[in-house]
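The values are calculated or read from the model by the stated rules, or taken from the named source; none is laboratory data. Computed from a prediction, not measured in an experiment: that's the story for all the values here. Here the Cβ positions follow ideal geometry from the backbone for every residue, glycine too, while neighbour counts run over all protein chains shown.
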Amino acid sequence: MILQMTRAVQGGLRQERKLDIIANHLANSDTNGFKGDILAFDDMFKANLVTDHSQGDLKVTDNKLDLAIGGKGFFKVQTQQGIQYTRDGNFTVDQNGTLVTQNGDPVLGNNAPLDIQGTEIHISQAGEVVVDGDAIGNLDIVTFEDLTRLKKTDKSMFRYEGDAGADEQIPQKVFVEQGSLEKPNISTTVEMVEMIQTHRMYEAYQKMIMTFDEIDSKAILELGRP
């Protein structure tokens, strides 16, 4: 009976973890460049969380500082915690004329912050930044052979676990779409259905645990009788 109870508890914990992931997905259903997570378990029932890096749909905004990546790749960003990577291209220009994220972190081009002093900003599909007719640099867009080394630090920001400088690669068949943003690669409808199904499974495991507990209690009472 202890074995059956243990399996029911493990099953309940797995469903609880799935509910946490679904809740996070729904909370980020409007977060640009957000990537969903996939929960898997090994033979020892140890949970492994893997990020799904598939591309989300592109949404046209007509904002010249909104950039979306088509294909594999990430924008490089200089944060206070070091270089990080994102597909959230909702950028702006700060008071110093630097292209930055909504958190104020500089977006890198040619391994340095991009200084944008002008009004007419054009960014080509190849990532070349042209301001008032003058080319000022190319956006740093990179990828990695092993994307499992990218770990989330924020809603749509990643850090690389390893030697990023040595492992960065220039992606093939990639383009930049100016005036667009990448939507999350999750479906709210699918997540809602998954939440209902997972909650039902969680309740089923709870009932199993209660049943096993009642059986154990009755067995103990029977053994205690003369």
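For the reader, a short list of remarks on this structure follows.
- Filter result (loosely packed, with under 13 Cβ neighbours inside 10 Å and assigned to a strand (DSSP E or B)) within region 103-130: A112
The rows are residues; the columns are (1) surrounded by 14 or more Cβ atoms within 10 Å (Cβ to Cβ); (2) of a type in the set (G, A, S).
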{"position": "D132", "(1), (2)": "no, no"}
{"position": "A135", "(1), (2)": "no, yes"}
{"position": "E145", "(1), (2)": "no, no"}
{"position": "R149", "(1), (2)": "yes, no"}
{"position": "T153", "(1), (2)": "yes, no"}
{"position": "A166", "(1), (2)": "no, yes"}
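- Hits in region 155-164 (condition: more than 12 Å from K76 (Cβ to Cβ) and surrounded by 14 or more Cβ atoms within 10 Å (Cβ to Cβ)): K155, S156
- Restricting region 178-201 to residues that are surrounded by fewer than 18 Cβ atoms within 10 Å (Cβ to Cβ) and more than 20 Å from the chain's Cα centre (by Cα), the residue that is farthest from G36 (Cα to Cα): G179
Residue-by-condition table, conditions (1) among the hydroxyl-bearing types (S, T, Y); (2) touching a strand residue (DSSP E or B) at 6+ places or on another chain (Cβ under 8 Å); (3) at pLDDT 95 or above; (4) not assigned by TED's automatic domain parsing to the domain that holds R87:
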| position | (1), (2), (3), (4) |
| --- | --- |
| P106 | no, yes, yes, no |
| G109 | no, yes, yes, no |
| I123 | no, yes, yes, no |
| I141 | no, yes, yes, no |
| F144 | no, yes, yes, no |
| T148 | yes, yes, no, no |
| K155 | no, no, no, no |
| A164 | no, yes, no, no |
| F175 | no, yes, yes, no |
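- Of all residues in region 78-102 being in contact with a Ser or Thr (Cβ under 8 Å, 6 or more places away or on another chain) and surrounded by fewer than 12 Cβ atoms within 10 Å (Cβ to Cβ), the one that is farthest from V174 (Cα to Cα): Q81
- Flag if G104 is more than 17 Å from N138 (Cβ to Cβ) and in contact (Cβ under 8 Å) with a residue 60 or more places away in the chain: no
- Candidates in region 27-57 are the residues that are surrounded by fewer than 15 Cβ atoms within 10 Å (Cβ to Cβ) and either on the phi > 0 side of the Ramachandran plot or part of a helix (DSSP H, G or I) (or both); of these, the one that is modelled with the lowest pLDDT is F45.
- Scan of region 156-197 for residues that are closer than 26 Å to V129 by Cβ, in a helix (DSSP H, G or I) and of a type outside the set (A, V, I, L, M, F, W, C), ordered by number: G165, D167
- Candidates Q84, Q78, filtered to the one that is within 18 Å of the chain's Cα centre (by Cα), in the same structural domain as Y160 (by TED's automatic domain parsing) and either within 23 Å of T119 (Cβ to Cβ) or not in a loop (DSSP other than H, G, I, E, B) (or both): Q84
- Pairs with Cβ under 7 Å, 6+ apart, first in region 25-37 and over 25 Å from R149 (Cβ atoms), second modelled with pLDDT of 95 or more and among the hydroxyl-bearing types (S, T, Y): none
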